[in-house]
Amino acid sequence: MAEIELKNLSVEFGAFKAVDDVSLTVKDGEFVVYLGPSGCGKTTTLRCIAGLVKATSGDVLFDGRRVNELSPSERNIAMVFQFVSLYPHLTIRENIAFPLKARGTPRAEIARKLEWVTGVFKLGDELNRYPAALPPGARQKVALARAVIRNPAVLLLDEPLSAIDEQFREEMRWELGHLQRQLGVTTIYVTHDQREAMSLADRIVLMNNSRIVQVGDPDSIFLQPVDIFAGQFIGSPSMNLIDLVPVDGGLRLADSGVTLTAQRHSLPDWALKSRRKLKLGIRPLNVHLVEDETGAGSDIAVDDVFSVGRERFFTFRIGDTIHQGVDKRGKRAAGEGRVHFDPDGLLFFDAETGRRVVAEERP
Ligand SMILES: Nc1ncnc2c1ncn2[C@@H]1O[C@H](COP(=O)(O)OP(=O)(O)OP(=O)(O)O)[C@@H](O)[C@H]1O
Ligand SMILES: [Mg+2]
């Protein structure tokens, strides 16, 4: 096991910075998920930790020791990619044992480790089969078993489940999380799927444009996004974003006749006094329909109510923008109801910088 530290890490490809001044410490045994849109630098960061890409500047440390100059094989890491390549002419047993055999590990020890790892991954029945005979999910398990059999200090996973069918992915995800905890191996997992990140991570590292945007456990990233990007990238359906216009006694939702006030919407005092141009962020989870006439935001018209599986959503329109809310009233609710913003769910962002503004930072 190892602690990984990235210190002001940058990776440049010609004039392009794929990783820009990234600093992070991953604790021994921790499960960290790198999350961000396509092209933001996740894979490059991972490859740099693995030693497959050279840092242009900055350092990679394992347990406090600088490893920049070490080759991948000297770093004691194991890596699993999106598209697994197993040796097609070797059985599952031979595939999994391959890394040990390649290093000349004694037979008895290989047998012991095989038993352990196939037990953990529940691959006991598949050992004499060939990769082509296994479904993709099982093949990915073989790849993971092969990766961990030699007790790597660090496990690096780059979208390892994205080539697997949706129906198996959920189960694999659960198993992977469970396994990582059982093994206690320091793990960095790369994905652009926020749901995957939310369900697996001890901590999420959110990246955008080659830089770290926010680091935190799933709850804190969800509840306290540092900026509009973080707010909208995490959570589904996405956070609603509405321009605010200061008016006498409140903040009006731009392009609407609706004004949020301290009295009716528990608008914080600092937001009312703020001289910044603000945007309101509110998650669909925090917008619902109520029956009463005094409900906050009650002048907003409901567009449509619809079900997705067992959940009910609704849309409402402000200006030309369609927003979403969650209808928690149950199927039997009569009438359209009125849009209500949960005061606890109001997030305020600086319209110019996109940064979230909180009470303590009042201008
Ligand atoms: N060897 C390379 N040479 C030049 N540019 C590269 C190289 N590798 C990556 N890049 C560029 O660096 C940027 C970051 O790539 P990277 O693969 O790290 O993104 P990613 O976050 O993993 O994206 P995805 O979610 O699509 O896998 C991209 O714009 C990519 O085109
Ligand atoms: Mg990638």
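No lab work stands behind these numbers, since they all come straight from the coordinates. Remember, it's a predicted structure, so these values are computed and weren't measured experimentally. As a convention, Cβ positions derive from the backbone with ideal geometry for all residues, glycine included, and neighbour counts pool all protein chains shown.
Here are the numbers:
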quantity: Residues F341, F83, F222 arranged by fewest to most Cβ contacts within 10 Å; calculated: F83, F222, F341
quantity: Degrees separating the helix 166-183 axis from the principal Cα axis of the chain, which is the longest one; calculated: 70
quantity: Cβ charges +1 (Lys, Arg) and -1 (Asp, Glu), total dipole of the chain, debye; calculated: 1100
quantity: Helix-only [θ]222 nm of the chain, DSSP H runs n ≥ 4, -39500 (n - 2.57) each, per residue, nearest 500; calculated: -7500 deg cm²/dmol
quantity: H178, H192 arranged by Cβ crowding within 10 Å, fewest neighbours leading; calculated: H178, H192
quantity: GNM result for the chain, Cα springs below 10 Å: residue of E159, E74, E175 fluctuating most strongly; calculated: E74
quantity: Antiparallel content of DSSP bridges confined to the chain, in %, to 5; calculated: 75
quantity: Among V142, V305, V326, residue whose mean-square fluctuation peaks in a GNM of the chain (springs only between Cα atoms under 10 Å); calculated: V305
quantity: 0 to 90° range, to nearest 10: angle between helix 92-102 axis and the chain longest Cα axis; calculated: 70
quantity: Acute angle (nearest 10 degrees) that the helix 136-148 long axis makes with the longest principal axis of the chain, alpha-carbon atoms; calculated: 60
quantity: Proxy reagent accessibility, fewest Cβ within 10 Å first, across Y34, Y87; calculated: Y87, Y34
quantity: Lysine pair count for the chain [Cα-Cα under 26 Å; pairs on different chains or 8 or more apart]; calculated: 19
quantity: Choice from G281, G249, G104 showing the highest fluctuation, given a GNM over the chain with Cα pairs closer than 10 Å; calculated: G104
